[in-house]
1. Does segment 104-115 include one or more residues that are closer than 20 Å to V8 by Cβ, assigned to a loop (DSSP other than H, G, I, E, B) and either more than 17 Å from the chain's Cα centre (by Cα) or not small (G, A, S) (or both)?
2. What tally of residues in segment 43-63 results from selecting those that are outside any strand (DSSP E or B) and either closer than 20 Å to Y137 by Cβ or within 16 Å of the chain's Cα centre (by Cα) (or both)?
3. Step by step: first the residues of segment 93-103, then only those that are surrounded by 17 or more Cβ atoms within 10 Å (Cβ to Cβ) and under 15 Å from the mean Cα position of the chain (by Cα), then the one that is nearest to Y148 (Cα to Cα). Which residue is that?
4. Suppose we filter V8, V43, V72 for residues that are hydrophobic (A, V, I, L, M, F, W, C), on the phi < 0 side of the Ramachandran plot and in contact (Cβ under 8 Å) with a residue 60 or more places away in the chain; which single one remains?
5. Is it the case that S85 is in the same structural domain as C145 (by TED's automatic domain parsing), free of Cβ contacts under 8 Å to residues at least 40 places away in the same chain, surrounded by 12 or more Cβ atoms within 10 Å (Cβ to Cβ) and of a type in the set (S, T, Y)?
6. Check K79 against each of (1) closer than 22 Å to E7 by Cα; (2) assigned to a helix (DSSP H, G or I); (3) modelled with pLDDT under 95; (4) not hydroxyl-bearing (S, T, Y) and name the one condition it does not meet.
7. Which residues, counting only those in segment 94-152, are among the hydrophobic types (A, V, I, L, M, F, W, C) and within 16 Å of E61 (Cβ to Cβ)?
Amino acid sequence: MAYKLKEVTIRTNNSEEGIKNISDIWKDIVSGKLPILFDSEHVFQQGISPISKYSNYSSDENGDYDLTIMAVTVDFFQKMDEEVSKGFYKKYDEKDESGEISVCTRKAWEKVWSEQKSGDIHRTFTSDFESTVPGEYTKDGKPHCYLYVAVK
């Protein structure tokens, strides 16, 4: 009997070791070792997208937090866009012209941190969401990083 996970959570931070742990868990998900994108028999699960949820912050982006990787459907993004329109979240969309998904992700978070430092946004540090999309799945052929950051 095949099974799949809806989500997996680790406690981590933005240290070098923490970033390595995040990379390692993503490798396990993409390979099917952790059955979120694939079921336990390595059958790809249609209609889902993997996203990262950052929550349970001990302080801010400099402290520990929970990283949950979840499988969501398209309605998740519709609900998040509604939260943006209500002012509960700010949405970021960064892409990388050279095709590096890690670069667009870094650009997106650096924009958040810059706006936070300048006072342009006030984060709540409740739950933030990240969706990275490889270029082969986007209309413009460039990788994108979409962030939904909880704001006051």
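The values are calculated or read from the model by the stated rules, or taken from the named source; none is laboratory data. Everything numeric in this text was worked out from a predicted model, so none of it was measured. A quick note on method: Cβ atoms are made from the backbone with ideal geometry, for glycine too, and the neighbour counts reach across all protein chains shown.
1. Applying the first criterion (closer than 20 Å to V8 by Cβ) to segment 104-115 yields 105.
From what's left, assigned to a loop (DSSP other than H, G, I, E, B): none.
Looking for residues that are closer than 20 Å to V8 by Cβ, assigned to a loop (DSSP other than H, G, I, E, B) and either more than 17 Å from the chain's Cα centre (by Cα) or not small (G, A, S) (or both), one finds none in segment 104-115, hence no.
2. In the first step, residues of segment 43-63 are kept if they are outside any strand (DSSP E or B); the result is 43, 45-48, 56-63.
Checking the rest, the ones that are also either closer than 20 Å to Y137 by Cβ or within 16 Å of the chain's Cα centre (by Cα) (or both) come to 43, 45-48, 56-57, 61.
Going through segment 43-63 one residue at a time, the tally reaches 8.
3. Of everything passing the filter in segment 93-103, E94 is nearest to Y148 (Cα to Cα).
4. Values: V43 fails: in contact (Cβ under 8 Å) with a residue 60 or more places away in the chain; V72 fails: in contact (Cβ under 8 Å) with a residue 60 or more places away in the chain.
Selected residue: V8, the only one of V8, V43, V72 that is hydrophobic (A, V, I, L, M, F, W, C), on the phi < 0 side of the Ramachandran plot and in contact (Cβ under 8 Å) with a residue 60 or more places away in the chain.
5. Numbers: in the same structural domain as C145 (by TED's automatic domain parsing): yes; free of Cβ contacts under 8 Å to residues at least 40 places away in the same chain: yes; surrounded by 12 or more Cβ atoms within 10 Å (Cβ to Cβ): no; of a type in the set (S, T, Y): yes.
In short, no.
6. With (1) closer than 22 Å to E7 by Cα; (2) assigned to a helix (DSSP H, G or I); (3) modelled with pLDDT under 95; (4) not hydroxyl-bearing (S, T, Y) applied to K79, the lone miss is (3).
7. Of the residues in segment 94-152, the ones among the hydrophobic types (A, V, I, L, M, F, W, C) are 101, 103-104, 108-109, 112-113, 121, 125, 129, 133, 145, 147, 149-151.
Of everything in segment 94-152, those that are among the hydrophobic types (A, V, I, L, M, F, W, C) and within 16 Å of E61 (Cβ to Cβ) turn out to be A108, W109, V112, W113, I121, F125, F129, C145, L147, V149, A150, V151.
The rows are residues; the columns are (1) among the basic types (K, R); (2) within 29 Å of E17 (Cβ to Cβ).
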site: D81; (1), (2): no, no
site: F88; (1), (2): no, no
site: S127; (1), (2): no, yes
site: K139; (1), (2): yes, no
